[in-house]
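After the structure tokens below, expect a handful of questions from me.
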Amino acid sequence: MGKSIGIDLGTTNSAAAYYDREVRVLPTRMNEPLTPSVVSYRKSRRESRPGQILVGRAAVSNARLAPEDTIFSIKRLMGRTVDEPKVEEVQERFGYAIVSSDDPEDRGVRVLLNGVEYTPIDVSAMILRQIKEDAERALGEEVTHAVITVPAYFEERQRAATREAGQQAGLVVKKIIDEPTAAAVAFGIDKAEERHRVLVYDMGGGTFDISLIQMVNKQFQVLAIEGDMWLGGDDFDHEIVKAIEERIKAEYDGFDPSGDERFLMVAKQEAEKAKILLSGQNEVDLLIPGITSAPNVGLVDVDMVITRQEFNDMIQKYVDHSMDLVRKVLRDQELGVGDITAVLVVGGATATPLVHQAVTDMFGRDKVKGYIDPMQCVALGAGLLAARIKVIECPNPDCEAENTEDAMTCGRCGHSLVGARVRGDVSVGAVTAKSLGISVVRDGAPDTYAVIIPKGTPYPLHRPMERTFYTTAENIIKVPVYEGEETLATKNDLQGVIEYPLPEDIPVGTPVSVRFDYDQDRVLKVTVWVHGRSDLKKEQTLARDRPRAAFEKEDEAEEEWREMLEGTINASRHFQSQYSRYLDPGTASKMEADIQRAERAFAEGNKIEGSRVVNALHRTIMGSGVASQLFIAERAMDGLGPEAATLLREAVRKLRTAHEAGDGEEVERISMALQLAVARIFQRRASQTDVPDQDFGGLLKDLGR
Amino acid sequence: MGEGISSEDAPKWLQAFDFNQQVAVMEKEYVREMRNTLLSFLEVLDSFDRCFSAIDQTREMSSLAQSWLRSFEGVRRQLRRTLEQAGVSFMNCQGEPFDPHKHEAIQARSRPDVREGIVIEEVVRGCEWRGEVLRQAKVVVTRKSR
Ligand SMILES: Nc1ncnc2c1ncn2[C@@H]1O[C@H](COP(=O)(O)OP(=O)(O)OP(=O)(O)O)[C@@H](O)[C@H]1O
């Protein structure tokens, strides 16, 4: 089977997380941690051609052009029928059409996208499919399984709808989990032995949710939910925008900018930034030159200071309202503050100090847990569960039997469990198992294999590897990418083809570079560009045709984690013993303290502390001036020819002497040269190819190296 | 392990110390920090752009004011050039077909002389860095004119 991820399928934004030694949120194709939960239809510019369905950031970009073809907040419609009041609320706020189905038997809502009816399940599936693809891109491997979170208040039909969306997106849904439960898992509450009654205070951008959950015997049960569908951090931004408008009115003779859309766009953006800064500092200097202008006033500048206190006064009413709801939940459940054993603060807006303060004032500092990034908490919990849950729950509500991870149908009721293909395992290596290259033309001989990343290259690459070729056709560039060792390109495994047309002004024989980047997640990114023409560049990430790693078992990960920590401790001790006299005293003593921390973490099996200290030590080893350079030079010496080794040794000796003589200028000069030499060695090592010289051909021409 | 400073003191495990991995991790961190730095400098450029685009060309201006304006225009160009030297490339998307991966439409407007789906104004500059979108452009796009 492929990888298993956790998905926080949110109203406004969604996120995916994956566990591998530690749990992390996976970046999207746009390098963002979140995928906006938005789908939009974009018409083709030519009437005759079909349009395109956009998902995520690109859908948001298109929203203003096609408000009636852009679906927001689909989560609010999951499993609902047209006559429900919630549906009306959505209809009032957004521009797209919500209709009932033609089928009189079916009361479910449909939404219209370019005049075509889709169910909320269809739309959620589009979002999930994009999340799956982005996760595969980030991991470099197929993703087949997922745990998906839903709000605690979701009813059975809404949960079933979410599961179906997951399957439609090609995922095997291991389990549907409550968001507060995922948060509790992220905070490690589920590991505790004792009985817990947990309050989750979740304030995001636009919605506020409170859930009260109980944990007995490591099982979660939702006791109560409360909230305000339209309360959150956006309201705080709006208060700052109002303050900006007032200031402008006062300073510019009553000039009111609030009708100007561009003003609002800039003001809102700056307000959110100021708000986030105020979470970490006591005042913020809001400086926005030329935020707007008007014929009679000229340029309007904003230059004001907002203190934390002033900001707190602006948002006090929202925070009070949220705490009233907290008290209401407790009252309804006939519980006192003392009956709650832990409070989890989740959602971006809870990073606001006043919010945090209000919650700790009520429950006491010890009970309130807020040290995990509140925006990512639910996704992280889901990611942990995706790795931990080793079964697939049968989607048949009358069955719910647990099946093994690779099962295709339920062992008890025969219901299908699968929405995706499941593939075999291949094991991992730290060097490329096969060469990666392209098909080129040489001396009229096509189909010749030009290796770009040779077999056995350690990855992730220090630097992308690239080679230059020449165009052979007037109007097109074609770069087929292969993996393998055969000199005839097509005898290798095709990974994908990058192909694009050229404009007429590019003559045959124009240089073209092909760059391969291969990262630690084994994703191959190919960039092809025509020299001197930044517009004739194409970049593509190739889906590898088979997964490279076995499904991560927790004990294997455990083993790897220990090895890594141990290796780092050893490397650090070595570094210390060899180079400590080149370290300044502060760094040296910090290093000693870090090594001891690492040893403690190793002894206690404390993973989080362990990975933190590993990072700190790596930073010291790689970033401590002369000491690090000597260490790196030592690594570069590895396997060098005698001549190069002599040169390098000489440079190292000079560096040491200069350092001992306290000659700063000389140290700088030599270390510069040394750095260059070392970089060149690593680069050369990386580009040594083991393919014979006559291997050129294909559609780009290689004139040799 | 070759001979040299390392031969007598580098034990076996040192060979396993993954240099490339470390460099890659540090490089990722560097890229992230650099992105943020570039983005904040872009905001300074935005302020310049907003201020200059508000200047009313039809109004009389004293020659002193004009010379200041020229100098500030120079500062803006200098900032832009510095960003370009740091590898930032500006999109310049006016007249191009709208591309939702690079542009964010903030307004649709009809223009009888321009066909549908074309960027007619780049309100906030978009740019790329290291072959990736650093920041989407905020644009005005033509809609179908009736
Ligand atoms: N450091 C911070 N301090 C204060 N507010 C922050 C901070 N970081 C993010 N936010 C705010 O958190 C909000 C986004 O939070 P989050 O991503 O949890 O919301 P969401 O889940 O998208 O929203 P929704 O409530 O619609 O589901 C935004 O208003 C953002 O400005």
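Within the stretch A:237-250, can you find the residues that are within 15 Å of the ligand (Cβ to nearest atom) and open to solvent by 60 Å² or more (accessible area, probe 1.4 Å)?
The answer is A:H238, and nothing else.
Can I ask one more? For residues that are charged (D, E, K, R) and part of a helix (DSSP H, G or I), scanning just the stretch A:36-69, find the one that is nearest to the chain's Cα centre (by Cα).
Step by step, filter the stretch A:36-69, then rank; the result is A:R57.
Still on this structure, please answer the following. Tell me, which residue of the stretch B:89-115 that is acidic (D, E) and open to solvent by 60 Å² or more (accessible area, probe 1.4 Å) is farthest from the other protein chains (Cβ to nearest Cβ)?
Ranking the candidates gives B:D113 first.
Show the residue pairs that are 6+ apart or on different chains and have beta-carbon atoms under 9 Å apart, the first residue being within the stretch B:108-122 and assigned by TED's automatic domain parsing to the domain that holds B:K138 and under 17 Å from B:N92 (Cβ atoms), the second being acidic (D, E) and surrounded by 15 or more Cβ atoms within 10 Å (Cβ to Cβ).
B:I118/B:E96; B:V119/B:E96; B:V119/B:D99
Is there a residue in the stretch A:48-67 that is on the phi > 0 side of the Ramachandran plot and not charged (D, E, K, R)?
Yes, the conditions are met somewhere in the stretch A:48-67.
Among the numbered conditions (1) within 16 Å of the ligand (Cβ to nearest atom); (2) open to solvent by 10 Å² or more (accessible area, probe 1.4 Å), tell me where A:S37 comes up short.
With (1) within 16 Å of the ligand (Cβ to nearest atom); (2) open to solvent by 10 Å² or more (accessible area, probe 1.4 Å) applied to A:S37, the lone miss is (2).
Now for a separate question. Before we move on, is A:Y318 outside any loop (DSSP other than H, G, I, E, B), within 16 Å of the ligand (Cβ to nearest atom) and among the aromatic types (F, W, Y)?
So A:Y318 fits the description; yes.
So that you can scan it fast, the table gives a plain yes or no per residue for (1) more than 13 Å from chain B (Cβ to nearest Cβ); (2) in contact (Cβ under 8 Å) with a residue 40 or more places away in the chain; (3) open to solvent by less than 70 Å² (accessible area, probe 1.4 Å):
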site: A:W230; (1), (2), (3): yes, no, no
site: A:D235; (1), (2), (3): yes, yes, yes
site: A:F263; (1), (2), (3): no, no, yes
site: A:K268; (1), (2), (3): no, no, no
site: A:L286; (1), (2), (3): no, yes, yes
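Considering A:R24, A:R46, which residue is basic (K, R), more than 16 Å from the ligand (Cβ to nearest atom) and over 30 Å from A:V185 (Cα atoms)?
Of the residues listed, the single one that is basic (K, R), more than 16 Å from the ligand (Cβ to nearest atom) and over 30 Å from A:V185 (Cα atoms) is A:R46.
For the stretch A:145-159, check the following and say yes or no: at least one residue is part of a helix (DSSP H, G or I), surrounded by fewer than 24 Cβ atoms within 10 Å (Cβ to Cβ) and either of a type in the set (G, A, S) or touching a helix residue (DSSP H, G or I) at 6+ places or on another chain (Cβ under 7 Å) (or both).
no
Would you call A:A274 within 14 Å of chain B (Cβ to nearest Cβ), buried (at least 19 other Cβ atoms within 10 Å of the Cβ) and within 12 Å of the ligand (Cβ to nearest atom)?
For A:A274, the condition - within 14 Å of chain B (Cβ to nearest Cβ), buried (at least 19 other Cβ atoms within 10 Å of the Cβ) and within 12 Å of the ligand (Cβ to nearest atom) - is met.
Let me ask something else about it. Report, by residue number, each residue of the stretch A:378-392 that is assigned to a helix (DSSP H, G or I) and either crowded, with 19+ Cβ neighbours inside 10 Å or in contact with a Gly (Cβ under 8 Å, 6 or more places away or on another chain) (or both).
Once the filter is applied, which keeps residues that are assigned to a helix (DSSP H, G or I) and either crowded, with 19+ Cβ neighbours inside 10 Å or in contact with a Gly (Cβ under 8 Å, 6 or more places away or on another chain) (or both), the stretch A:378-392 yields A:V378, A:A379, A:L380, A:G381, A:A382, A:G383, A:L384, A:L385, A:A386, A:A387.
Related question: Check off (1) of a type in the set (A, V, I, L, M, F, W, C); (2) within 14 Å of the ligand (Cβ to nearest atom); (3) within 22 Å of A:A274 (Cβ to Cβ) for A:W230 and give me the number that stays unchecked.
Only one criterion in (1) of a type in the set (A, V, I, L, M, F, W, C); (2) within 14 Å of the ligand (Cβ to nearest atom); (3) within 22 Å of A:A274 (Cβ to Cβ) is unmet by A:W230, namely (3).
Across the stretch A:193-225, which residue is nearest to the ligand (Cβ to nearest atom) among those that are open to solvent by 20 Å² or more (accessible area, probe 1.4 Å) and β-branched (V, I, T)?
Among those residues, the one meeting the criterion is A:T207.
Additional query: Taking the conditions exactly as written (away from the ligand (no atom under 16 Å from the Cβ), assigned to a loop (DSSP other than H, G, I, E, B), open to solvent by 10 Å² or more (accessible area, probe 1.4 Å) and not β-branched (V, I, T)), does A:P395 satisfy them or not?
yes
Could you tell me whether B:V139 is modelled with pLDDT of 95 or more and within 20 Å of B:C51 (Cα to Cα)?
Yes.
Another question, then. Hand me the list of strands (runs of 3 or more DSSP E) wholly inside the stretch A:186-232 holding 1 or more residues that are small (G, A, S).
Here the list reads A:208-216, A:219-228.
Another one. What about A:G586, is it surrounded by fewer than 17 Cβ atoms within 10 Å (Cβ to Cβ) and part of a loop (DSSP other than H, G, I, E, B)?
Against the criterion (surrounded by fewer than 17 Cβ atoms within 10 Å (Cβ to Cβ) and part of a loop (DSSP other than H, G, I, E, B)), A:G586 does not qualify.
Can you pull out every residue in the stretch A:171-188 that is away from the ligand (no atom under 14 Å from the Cβ), touching a strand residue (DSSP E or B) at 6+ places or on another chain (Cβ under 7 Å) and open to solvent by 10 Å² or more (accessible area, probe 1.4 Å)?
A:K175, A:I176, A:I177, A:D178, A:T181, A:F187
Looking at the stretch A:343-377 only, could you name the residues that are in contact with a His (Cβ under 9 Å, 6 or more places away or on another chain) and open to solvent by 30 Å² or more (accessible area, probe 1.4 Å)?
A:G370
Name every residue in the stretch A:96-110 that is touching a residue at least 24 places away in the same chain (Cβ under 8 Å) and either part of a loop (DSSP other than H, G, I, E, B) or surrounded by 23 or more Cβ atoms within 10 Å (Cβ to Cβ) (or both), in order of residue number.
A:Y96, A:A97, A:R107, A:V109
Right, something else. Of all the residues that make up the stretch A:1-21, how many are within 13 Å of the ligand (Cβ to nearest atom) and buried (at least 22 other Cβ atoms within 10 Å of the Cβ)?
5
Among the residues of the stretch A:294-315 satisfying the criterion of being open to solvent by 50 Å² or more (accessible area, probe 1.4 Å) and part of a strand (DSSP E or B), which is farthest from A:M203 (Cα to Cα)?
Selected residue: A:L299.
Return a yes/no flag: does the stretch A:563-572 have any residue that is open to solvent by 40 Å² or more (accessible area, probe 1.4 Å), modelled with pLDDT under 80 and in a helix (DSSP H, G or I).
Yes: one or more hits.
Given the residues A:L325, A:L354, A:L344, A:L286, which is the only one that is away from the ligand (no atom under 12 Å from the Cβ), assigned by TED's automatic domain parsing to the domain that holds A:I213 and either modelled with pLDDT of 95 or more or acidic (D, E) (or both)?
Just a single option satisfies the conditions, and that option is A:L325.
The values are calculated or read from the model by the stated rules, or taken from the named source; none is laboratory data. All values reported here derive from a predicted model rather than from experimental measurement. Virtual Cβ from ideal backbone geometry, glycine too; neighbours counted across all protein chains shown. Areas reflect the complete protein model, heavy atoms only, side chains present, ligands, DNA and RNA absent. Shrake-Rupley method; radii C 1.70, N 1.55, O 1.52, S 1.80 Å.
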